[in-house]
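To keep things clear, I will list the structure first and then write my remarks on it.
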Amino acid sequence: MSILEQLLAPMTLSDFSTTHLSREPYAAPEKASFLRNCLSWNTLNEILYTGHKNCWLPLQGKLPIEEELCTGQLTFSQARKGFESGRTVLVRHAEQAHPLFAAVARDFYRLFNEPVDVQLYCTPSGQEGFDWHYDYEDVFVIQSDGEKEFRLRKNTVNPGALIQKPSQLEDLQKETTRAELRCYLKPGDWLYIPAGYWHKALALTDSYHISVGVLRGKEKKPSVGSLHL
């Protein structure tokens with residue numbers, strides 16, 4: 001059974017594709033319990049020790065101004081210090097730096113046959129890693145430890161994120177919908193965010209989550225046929 005099948009059970013992949021994939025968010029409590037605590041400071045230490053060149057310390061989407069913190073490489077000490085100062089420790093393409101996340105990426109790739117990337121977010125209590133934004137990929141958020149509140153809004157300006165844009169600020173200013181969904185994630189919970197959905201997240205405690213992004217072909221219809229089952 002694939003990771004996604006475990007996350008969805010008893011819902012089938014076919015039902016998920018029909019009702020939610022590329023359409024609307026979906027969340028399930030405790031279905032990701034088998035991935036609870038898989039992201040920790042020990043895990044980060046293993047990744048940082050490899051010299052992985054895609055590690056960052058954003059605060060509301062902005063990087064530190066110190067030159068040594070803008071190279072994409074962090075030491076464990078820099079990561080801890082940044083976290084303690086309120087910054088999120090963000091690891092992009094974690095599948096390239098750790099066997100566990102490489103296995104997760106391979107599992108999702110087998111289903112979708114589309115590019116998959118895994119990002120890790122370690123956010124201190126009371127902080128947001130990014131302000132309102134949307135992704136160009138479908139995102140599966142797996143809460144490993146701590147608690148986080150996600151706020152989501154439908155995108156009426158660039159629905160489905162079909163148009164690539166250098167900045168989303170103008171879209172956000174043009175957005176008319178104010179209706180929000182709120183989702184509280186605890187360890188072992190997970191959330192699906194379709195491409196294009198506005199979202200932001202607040203760490204209610206020190207929070208550690210895994211984000212699996214699937215960049216699905218925009219010309220494909222959101223049906224089970226696009227999943228390689």
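For the reader, a short list of remarks on this structure follows.
- Single match in S211, S125 (criterion: at pLDDT 95 or above, among the polar types (S, T, N, Q) and more than 23 Å from A97 (Cα to Cα)): S125
- Between V116, V139, V104, the distinction of being of a type outside the set (S, T, N, Q), modelled with pLDDT of 95 or more and in contact with a Ser or Thr (Cβ under 7 Å, 6 or more places away or on another chain) belongs to V139 only.
- Residue match in the range 26-44 (condition: surrounded by 14 or more Cβ atoms within 10 Å (Cβ to Cβ), in contact (Cβ under 8 Å) with a residue 12 or more places away in the chain, in contact with a His (Cβ under 9 Å, 6 or more places away or on another chain) and closer than 21 Å to L90 by Cβ): yes
- Residue list for the range 164-198, restricted to those being in contact with a helix residue (DSSP H, G or I) (Cβ under 6 Å, 6 or more places away or on another chain) and either on the phi > 0 side of the Ramachandran plot or among the hydroxyl-bearing types (S, T, Y) (or both): G188, G196
- Qualifying residue in the range 2-19 (condition: of a type in the set (G, A, S), touching a strand residue (DSSP E or B) at 6+ places or on another chain (Cβ under 8 Å) and either touching a residue at least 60 places away in the same chain (Cβ under 8 Å) or over 24 Å from L215 (Cα atoms) (or both)): no
- Condition met for R87 (of a type in the set (K, R) and either touching a Pro at 6+ places or on another chain (Cβ under 7 Å) or surrounded by 21 or more Cβ atoms within 10 Å (Cβ to Cβ) (or both)): yes
- Among the residues making up the range 45-76, those that are of a type in the set (A, V, I, L, M) and surrounded by 13 or more Cβ atoms within 10 Å (Cβ to Cβ) are I47, L48, L57, L59, L63, L69, L74.
The values are calculated or read from the model by the stated rules, or taken from the named source; none is laboratory data. Since we're looking at a predicted model, the values are computed, not measured. All Cβ positions, glycine included, derive from the backbone under ideal geometry; neighbour counts span all protein chains shown.
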